[in-house]
Every structure is written in C-alpha cells, then in structure tokens.
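See structure below.
The values are calculated or read from the model by the stated rules, or taken from the named source; none is laboratory data. If you're wondering where the values come from, they're calculated on a predicted model, not measured in any experiment. A quick note on method: Cβ atoms are made from the backbone with ideal geometry, for glycine too, and the neighbour counts reach across all protein chains shown.
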Amino acid sequence: REAVYLGTLEEEDRLIPLIKRIAKTDINRYVTPKNPNEILPEMVDELSRTSFPPCMRQIHSRLRMDHHIRHFARRQYGLFLKDAGMSLESSLNFFRSEFTKKIDADKFNKEYAYNIRHYYGKEGSHREGRAYNCAHIILNNAPAAQDCH
C-alpha cells in the first residue's frame, strides 16, 4: 500500500508541472481561423505529422487506425480541423471517407453528418463552434474506455 502511495507521489512530482504547462498552452496557436488556404482531406496525414499538436495527432492516428473515433474526440478533432481551415464540405468528405470503411454511407449521413454540420453552425443553434484550448481538453470530459481524446 505504501509503495502505491510513493509511486503516486513520484508521478505527481513528474506530471503536475507538465500538466500545468500544457494547461497554459493555447491550441488555437496551431490553427489560423478563416485561413484562405483551405485544408483538403488529402493534406491531413502530412499536416498531422508536421503541424498538429500531440493531442490532435493522437486523435488522427486513432481515426486512421480504427476508422472511427468516439463523440468527444470527433468533436475536438472536427472543431480543430474547421478552425485550421477545412471547409464543411471537405470535413464531411474527410470523415465520411474514414467512417465508411466500417459503416455504410447512409449510416454515416444519419448518425454523424449532423454533428459535423453543427460544428460549422449549419445545424442546431447555428453558432459556429471553436476548437478547444489545451486546458479545456485536459480538464473536461475525461476519457473513458475506448476514448482517445
């Protein structure tokens, strides 16, 4: 029992300063809202390797590996891509091309396309969402089993 406690203290000494630094980082510095040079789906793999922050790189990797990501990861990643300069149509095509490797296009359109349009202010309250900053990602919606965010 004491060994577990000591391990926890060592982890806290190592991780707490790192988490505090990450929490102060603004993810929006990685994106240029309303970028006139649109990001296209075929550019995402290279941009992921060279320009994405680690959290978005992790989500992208999981999407490519599993051809699916769960709700909060989809939301974070979808908003990130939108703010980075991906158009609604490109975003729909990007997610559709991955998800339909496991599900049919009709299911994608019924279960996932609405949320993507919502990120762009085309559904629901018609307000555009913004990419979450690092503090929000760390402090909210803790990952559950099978989550990658």
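Taking Ile69 as the residue in question, decide whether it is buried (at least 17 other Cβ atoms within 10 Å of the Cβ), of a type in the set (A, V, I, L, M, F, W, C) and within 22 Å of Ile19 (Cβ to Cβ). Steps first, please.
Numbers: buried (at least 17 other Cβ atoms within 10 Å of the Cβ): yes; of a type in the set (A, V, I, L, M, F, W, C): yes; within 22 Å of Ile19 (Cβ to Cβ): no.
So Ile69 fails the test.
Counting only residues that are in contact (Cβ under 8 Å) with a residue 12 or more places away in the chain, among the charged types (D, E, K, R) and in contact with a helix residue (DSSP H, G or I) (Cβ under 8 Å, 6 or more places away or on another chain), how many does the range 50-89 have?
Of the residues in that region, 6 qualify.
Pick from Lys107, Lys102: which is more than 20 Å from Phe80 (Cβ to Cβ), part of a helix (DSSP H, G or I) and modelled with pLDDT of 95 or more? Let's see the steps before the verdict.
On the way: Lys102 fails: part of a helix (DSSP H, G or I).
Checking each option against the conditions leaves just Lys107.
Looking only at the range 27-45, filter to residues that are more than 17 Å from Asn93 (Cα to Cα) and surrounded by fewer than 12 Cβ atoms within 10 Å (Cβ to Cβ); which one of those is modelled with the highest pLDDT? Give the derivation first.
The first filter runs over the range 27-45 and keeps only residues more than 17 Å from Asn93 (Cα to Cα), leaving 27-37.
When the remaining residues are screened for being surrounded by fewer than 12 Cβ atoms within 10 Å (Cβ to Cβ), the result is 29, 34, 36-37.
Numbers: Arg29: 59, Lys34: 53, Pro36: 58, Asn37: 74.
Among those that are more than 17 Å from Asn93 (Cα to Cα) and surrounded by fewer than 12 Cβ atoms within 10 Å (Cβ to Cβ), it is Asn37.
Only one of Ser97, Ser48, Ser91 is assigned to a helix (DSSP H, G or I), surrounded by fewer than 16 Cβ atoms within 10 Å (Cβ to Cβ) and small (Gly, Ala, Ser). Can you tell me which? I'd like the intermediate steps shown before the answer.
Numbers: Ser48 fails: surrounded by fewer than 16 Cβ atoms within 10 Å (Cβ to Cβ); Ser91 fails: surrounded by fewer than 16 Cβ atoms within 10 Å (Cβ to Cβ).
Answer to the selection: Ser97.
I'm trying to understand the selection: among the residues of the range 110-135, which are assigned to a helix (DSSP H, G or I) and surrounded by fewer than 14 Cβ atoms within 10 Å (Cβ to Cβ)?
Residues of the range 110-135 that are assigned to a helix (DSSP H, G or I), as a first pass: 110-111, 113-119, 134-135.
Listed by number, the residues that qualify are Lys110, Glu111, Tyr114.
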